[in-house]
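The values are calculated or read from the model by the stated rules, or taken from the named source; none is laboratory data. Fair warning: this is a prediction, and the values are worked out from it, not measured in the lab. Note: accessible area is taken over every heavy atom of the protein model, side chains too, but ligands, DNA and RNA are not part of it. Shrake-Rupley method; radii C 1.70, N 1.55, O 1.52, S 1.80 Å.
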Amino acid sequence: LLTRADFSNRRRIQNALMTIEELLEQRTVPVVNENDTVATDELKFGDNDTLSALVANLVKAKRLLILTDTDGLYTEDPRINPEAIRIDRVEVISEDLVKLAGGSGSSVGTGGMRSKIEAARIAMRGGVPAFIGRVLEPGDMQL
C-alpha cells in the first residue's frame, strides 16, 4: 500500500522497492494499491494509472500495460462519433494529445483516457514504454 508521500521520501521509496524486489525474488506477484486509509486528499494519487506508472519507473519495468475497456486512443470518443479514428502508435505525448483524451470516461472510473495518457507520459519519461488498450485476441497488444 503506497501513498504519494512514499514517492517523495527517498527512504520510503527505497523500502518499497526492496519489498517489491524481494517478492519477485520469492516468485510472488506483488499487488500494489493506493493506501486509501492513511492518504489525505492532497496525498492521494486519485487513480491507479498514475500509481502504476510510478511503480513501473521504480522497478525499471520493461513495459507498462494499462488495460481498459476501449481498444486504444481515438481522435474523438468513438462511443459518440463512430467516425473517430484510432491512433495506433504514439511516440511523443503532447499537450494536444492529452486534450484529445478528454476527461473521465465512465461513472465507475476516476481518470478515463486522459489519466491513462498522463500515466503513459510518466512511464515514458522514465524510459518505460506503455500500452493502452484492451486485449481480446492474441496480437492485440503491440508495443
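Which ones in region 52-75 are of a type in the set (A, V, I, L, M) and more than 17 Å from LEU2 (Cα to Cα)?
ALA61, LEU64, LEU65, ILE66, LEU67, LEU73
Could you say which residue among PRO138, PRO82 is modelled with pLDDT under 80, over 17 Å from ASP49 (Cα atoms) and assigned to a loop (DSSP other than H, G, I, E, B)?
Unique residue meeting the criteria: PRO138.
Within region 35-62, how many residues turn out to be open to solvent by 100 Å² or more (accessible area, probe 1.4 Å), at pLDDT 90 or above and on the phi < 0 side of the Ramachandran plot?
Result for region 35-62: 1.
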